[in-house]
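A short worksheet on the structure shown next.
The values are calculated or read from the model by the stated rules, or taken from the named source; none is laboratory data. If you're wondering where the values come from, they're calculated on a predicted model, not measured in any experiment. Don't worry about glycine lacking a Cβ; one is built from the backbone with ideal geometry, like all the others, and counts go over all protein chains shown. Each accessible area value is taken on the protein alone, full model and side chains, heavy atoms only, with ligands, DNA and RNA left out. Shrake-Rupley method; radii C 1.70, N 1.55, O 1.52, S 1.80 Å.
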Amino acid sequence: MRKLPDWVQEAGRVLAWREVVPGHGRLDVRAPALAARARPGQFAMVRAAPALRGGAVGMAPFLGRPLSFFDMDTTGGVVSFLVRVTGEGTRALAACRPGDVLVLLGPFGNGFPAANSGTLLLVAGGVGVAPFPPVARAAVSAGARVTALVGARSAPLVLGVRELRDAGAEVVVCTEDGSRGRCGMVTDVLPQLLDGFGAGPSAAFACGPPAMLAPVARLLEQAGLELHVSLEARMGCGFGVCRGCAVPAARGGYLHVCQDGPVFPARAVDLEAVARLWGAGTRAR
Amino acid sequence: MTPRGGADLEVNLAGIRLANPVLVASGTFGYGREMVRWFDLRRVGGIITKGTTLAPRAGNPPPRIAETPAGLLNSIGLENPGVDAVVREEIPFLREFGIPVIVNIAGETVEEYAALAAKLDRVEGVAGLEVNVSCPNVRAGGMAFGTDPLATAAVVRAVRNATSLPVMVKLTPNVTDIVAIARAAQEAGADAISLINTLKGLAIDVRGHRPLLGAVTGGLSGPAIKPVALRMVWEVAGAIDVPILGCGGIMTGLDAVEFLMAGASAVAVGSATLVDPLAAPRIVEEIAAYLEEEGFARVGDLVGLARRTLAGGGENS
Ligand SMILES: Cc1cc2nc3c(=O)[nH]c(=O)nc-3n(C[C@H](O)[C@H](O)[C@H](O)COP(=O)(O)OP(=O)(O)OC[C@H]3O[C@@H](n4cnc5c(N)ncnc54)[C@H](O)[C@@H]3O)c2cc1C
Ligand SMILES: Cc1cc2nc3c(=O)[nH]c(=O)nc-3n(C[C@H](O)[C@H](O)[C@H](O)COP(=O)(O)O)c2cc1C
Ligand code: FES
C-alpha cells in the first residue's frame, strides 16, 4: 500500500460549534484526510476560509491558528477541537455554523510518546486538557492505566472530564476556589496525588499555562519521573519554514514548537523562561 | 515546464533561466526541506533560501510573530545554520531538483558579505545570490546598509568582486527615496534588484501593556504591503535598466500579474506560503490561466505592460 502523504491541506466542513463552558467550545469538522493521519498530541493550523470573510483573501485572520486534536474519528472522518475563545481568530471559529468551510493544515508536530504499560499521569490546566482525550484513549487501549488531574479556576470552567472518562481515564478534578473537586491549583493537588500512587506513575504528560508547567516539572522531577509537556508559541506557518515558533531551550538557543514539539521532554526546555515570555500578556487559562 | 495552456512562462532573470516567473521569497520556504512534503519543487521557477550568515545564528527572542490586518509582523532575526552548514547540507539537497537556487546572504560588515559571496561562488547548485541589505530584524548590518546609497554600493561592489554569480540586491522599503538606492546598487554592479523586504512595524500587547514582539519591532509582510511594493517596483523600473524581482503581498496569480505589469521580470511569493503552502505553484497556474484567457503568448509580454499602456505605446498588441 502506498504510504499516505503525512501532511495535508484540507477544506473541512464544520459540523458543529457547541459552547461547552463559558468562553470555550467544541468544534467538530469533517476533514477525513486529516482525521486519518492525526496522532495524539499533534495539532492542525485552522483558518476560516477566505470565502467566509467577505471574499477578501488575506484579511484578518490572516494566519492559521494552531489547535490540538481533541478528538479524531478516523472512520467518520471527523476531527474535533476544544477551543478557548481568546481573540479574533478563535472568535471567527466560534461564529461558525454547520456547513461553513475551514481550511485545515496538518497534522503537525511530534505528538506524545506512546504509553502502553504501567500508569500514565496526565496533568491539565484549563484548556490545556485539549490534547489529552486521544492520548488517554491510545494509552488505555494499549494496556496502560491513565489518571488525569484536571485543574480549572472554578466549577463552571472545568473542561474535558467527560471525554477523558469516555477514553477510559480516571479523572481527579481540582478548582482554585474549591467549587468542584479538590481545592487548589494542580500544583497544590499533585503532591497528594503522587503520594497516593503506590508504585508511582510510569510516565507523565502536562499541558496548560506556562506558569503551571515549570512547577509541575519540578514536582515530577523530585518524584523521579520524566515529564513531557505540550507547549504553545505564536506561529507563522506550523510546518517549519518561518522559524517563528521559537522557545528557549534548556541548553541555550531555541527549539521550535511546530517541529521539535509541541510535545517536549520537560528538561529540554527552559520552562521558567517560557513562563516569563508568556507571563505578562497571557491571562491564565 | 508549461503547466497548462500554450503560453510561454519562461523568463530570464539576470542570466538565471527560470521555467516560470514565480520564485519563493527568502525566509518563507526555509531551505526547501519541509516544502517537498507539500509539492514537487520543480513546479516553481526557483528557490530563494532563508537568509544565510557567515556564522550560525539562533535568532531573536520570542514571541517572533504577530498577526496584523492583512499580514503579519515577524522578528525572526535571521535564524540560520550558517553558510558552511548550508553549503554542506542544504544546497546538495536542493540541487537534486534541478531548479535555480538563489542564496539570500546577510552580513554585519562589508567584509562579511564578500566572504559569504566567495564561499558560495562555484558551489554546484547555486544559481545566484540575493544580497539582503534590508533585514529590519538584526542589530548590526542588515537594513543599515540598505538605507544608504553609499553603503549599499559598498556591499554590492564587494560582493561583485568576490563572485562570478549573478548578484541580485534586495532592498528595503524603509527609505525615503528607493530610486536613489536602486541606482546606487545598479551602478555598483548589481545584475538585478529585488523589491521589497518587509516594512518596519510595531504591535502592542494591550493585555500585557508592552510590545508584543520579543524584539519590540518587526517586519510587516503580506497583502497589507502590496500597494507599497508595487509602487516601488514602478518607480525603480522607470529609473534603472537591470531586471526587477517583485515581492510583497502576492497571494494570487493576478497579484503577480500586477507586479509584472508594473515592471518586474519575475516575482517572489513570501507570506502566502505560510498560510497556503501550495501558494507558489498555484500562482504559477493562475498566471498561465491569465495568459491564456487574455491571449498573451509569453509571460514576458506582461513585463512593464502597464507602463507602456500609460505611455500610449503598448495596448494589448
Ligand atoms: C501547538 C498548539 C496547540 C494549541 N492548542 C490549543 C487548543 O487545543 N485549544 C485552544 O483553545 N488553544 C490552543 N492553542 C492556543 C491557540 O492557538 C491560541 O489561543 C489562538 O491562536 C489565539 O488566537 P486568537 O486569534 O483567538 O487570539 P489573538 O490573541 O487575537 O491572536 C493573535 C495572534 O496571536 C496568536 N496567539 C495568541 N495566543 C496564542 C497562544 N496562546 N498560543 C499560540 N498563539 C497564540 C494567534 O495565533 C494569532 O497569530 C494552541 C497553541 C499551540 C501552539
Ligand atoms: C517569517 C519571515 C522571514 C523572512 N526572512 C527573510 C530573510 O531571511 N531574508 C530576506 O531577505 N527576507 C526575509 N523575509 C522577507 C520576505 O522574503 C519578503 O521580502 C517579504 O515578506 C515581503 O513579501 P510577502 O509580503 O510576500 O511576504 C522574511 C519574511 C517573513 C514573513
Ligand atoms: S511556526 Fe513556522 S517554523 Fe514553526
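Find, among the chymotrypsin sites (Phe, Trp or Tyr not before Pro) in region A:207-285, those assigned to loop by DSSP (not H, G, I, E, B) with at most 15 other beta-carbon atoms within 10 angstrom.
Answer in residue order: no site qualifies.
Output the antiparallel fraction of DSSP beta bridges having both residues in region B:157-283, as a percent to the nearest 5.
Percentage antiparallel, nearest 5: 45.
Using a/c under 1.5 as the rounded threshold, could you call region B:172-276 rounded, prolate or oblate? The axes a ≥ b ≥ c are square roots of the C-alpha gyration tensor eigenvalues, and prolate needs a/b larger than b/c, oblate otherwise.
Cα axes put region B:172-276 in the oblate bin.
For region B:170-212, what % of the accessible area comes from carbon and sulfur atoms, probe 1.4 Å?
In region B:170-212, the share of accessible area belonging to carbon and sulfur is 48 percent.
Divide by every residue of chain B the summed helix terms, -39500 (n - 2.57) for each DSSP H run of at least 4, and state the resulting mean residue ellipticity at 222 nm, rounded to the nearest 500 deg cm²/dmol.
After summing the helix terms and dividing by residue count, I get -8500 deg cm²/dmol.
Which whole number in µm²/s is D for region A:99-211 by Stokes-Einstein, with the Kirkwood Rh taken over Cα pairs at 10 °C and 1.306 mPa s?
109
Pull out a ≥ b ≥ c, the square roots of the eigenvalues of the alpha-carbon gyration tensor of region B:56-140, then state rounded if a/c is under 1.5, prolate if not and a/b is larger than b/c, and oblate in the remaining case.
Prolate shape, in that a/c is at least 1.5 and a/b is the bigger ratio.
What is the average number of partner chain Cβ atoms found within 10 Å of a Cβ in A:259-269?
Partner Cβ neighbours, averaged per residue: 0.
Can you give the % of DSSP beta bridges in the protein assembly as shown that are antiparallel, to the nearest 5?
Antiparallel bridges make up about 55 percent of those DSSP assigns within the protein assembly as shown.
Rounded if a/c is under 1.5, else prolate if a/b is larger than b/c, else oblate: which is region B:37-99, with a ≥ b ≥ c the root eigenvalues of its Cα gyration tensor?
In terms of gyration-tensor shape, oblate.
For region A:127-231, which whole percent of the accessible surface, found with a 1.4 angstrom probe, sits on carbon and sulfur atoms?
Ligands and nucleic acids excluded, carbon and sulfur give 49 percent.
Report the relative contact order of chain A, percent, no decimals, based on alpha-carbon pairs under 8 angstrom and at least 6 residues apart.
Relative CO of chain A lands at 17 percent.
Using θ = phi - 60° and the Karplus relation 6.51 cos²θ - 1.76 cosθ + 1.60, list the HN-Hα couplings for region A:260-266 in order, rounded to whole Hz, with x at every Gly or Pro.
Each residue of region A:260-266 in turn: 7, x, x, 8, 10, x, 4 Hz.
Please provide three numbers in whole Å: the alpha-carbon extents of the protein assembly as shown along the principal axes, with the largest listed first.
Projected onto the principal axes, the Cα atoms of the protein assembly as shown cover 81, 49, 49 Å.
Please report, largest first and rounded to whole Å, the three semi-axes of the ellipsoid equivalent to chain B, where each semi-axis is the square root of five times an eigenvalue of the C-alpha gyration tensor.
Its equivalent ellipsoid spans semi-axes of 28, 22, 21 Å.
Just to make sure I understand: if all protein chains stay in place, what is the order of B:Met261, B:Met35 by accessible area at 1.4 Å, largest first?
Per-residue accessible area, sorted high to low, gives B:Met261, B:Met35.
Report the Cα-based extents of region A:94-153 along its three principal axes, largest first, to the nearest Å.
43, 30, 20
What accessible surface, in Å², does a 1.4 Å probe find on B:Trp234, ignoring ligands, DNA and RNA and rounding to the nearest 10?
Using a 1.4 Å probe on the heavy atoms, I get roughly 80 Å².
Using a 1.4 Å probe and counting only protein heavy atoms, how much accessible surface gets buried when A and B come together, both sides summed, in Å² to the nearest 100?
3200
Need one value for A:230-237: mean number of C-beta atoms belonging to other chains within 10 Å of its residues' C-beta atoms.
5
Over region B:1-145, what relative contact order in percent results from Cα pairs under 8 Å that are six or more residues apart?
21
Cut-off under 19 Å on the C-alpha distance; same-chain residues fewer than 8 positions from B:Lys200 excluded. Which aspartates and glutamates are left, in chain and number order?
Output for B:Lys200: B:Glu67, B:Glu79, B:Glu108, B:Asp148, B:Asp177.
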